[in-house]
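Below: one structure, written as structure tokens.
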Amino acid sequence: QVQLVESGGGLVQPGGSLRLSCAASGIRFSIYAMDWYRQNPGKQRGYVATITSGINTGYADSVKGRFTISRDNAKNTVYLQMNSLKPEDTAVYYCPTRALGRDYWGQGTQVTVSS
């Protein structure tokens, strides 16, 4: 059974930082690309970042230069380091992956950027 468990969200002031984690189980983690997406209430989920099995990375323009995606294959975990946070970064963050022929999503972790 594939499971993705996001953690590390919380309340942070504008300009602050957070590090999100996503622990994966039930898949051969090292061979799959991992993504981060986010969603605000009433809006579609939006792409944030990708890291491939080959450690190539990609980012949405809105987070480029502020967010960094990384992975630790020994821990089956992907991370999202978020710096210089803005109120518009407020959302539930998810770490989906496409594995075994389908997409998997976790329950998400809430990030709120507010003073």
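Some values worked out for this structure:
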| quantity | calculated |
| --- | --- |
| Table column - 3J(HN,Hα) (Hz), the range 95-110, Karplus curve with 6.51, -1.76, 1.60, x for Gly and Pro | 10, x, 8, 9, 9, 6, x, 8, 8, 10, 10, x, 8, x, 9, 7 |
| Fraction of accessible area attributable to carbon and sulfur, the chain (%, probe 1.4 Å) | 45 percent |
| The range 33-115 - Kirkwood radius from inverse mean 1/r over Cα pairs (Å) | 13.3 Å |
| Solvent exposure, largest accessible area first (probe 1.4 Å, DNA, RNA and ligands not counted), of 36, 105 | 105, 36 |
| The range 77-88 - phi-based ³J(HN,Hα) in whole Hz, Karplus 6.51/-1.76/1.60, Gly and Pro as x | 9, 10, 10, 9, 7, 10, 10, 6, 5, 10, x, 6 |
| For residue 98, net neighbour charge (Lys/Arg +1, Asp/Glu -1) across residues whose Cβ lies under 15 Å away | +1 |
| Counting DSSP beta bridges with both ends in the chain, the antiparallel % (nearest 5) | 90 percent |
| Per residue accessible area of the chain, 1.4 Å probe, in Å² | 52 Å² |
| Centre separation in Å (Cα based) which lies between the range 24-54 and the range 67-110 | 5 Å |
| From phi via Karplus (6.51, -1.76, 1.60), per-residue ³J(HN,Hα) for the range 12-19 in Hz, x at Gly/Pro | 9, 7, x, x, x, 10, 9, 10 |
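The values are calculated or read from the model by the stated rules, or taken from the named source; none is laboratory data. Since this is a predicted model, take the numbers as computed values, not measurements. Cβ: placed from backbone, ideal geometry, glycine included. Neighbour counts: every protein chain shown. Side chains included, ligands, DNA and RNA excluded: accessible areas come from the protein's heavy atoms. Shrake-Rupley method; radii C 1.70, N 1.55, O 1.52, S 1.80 Å.
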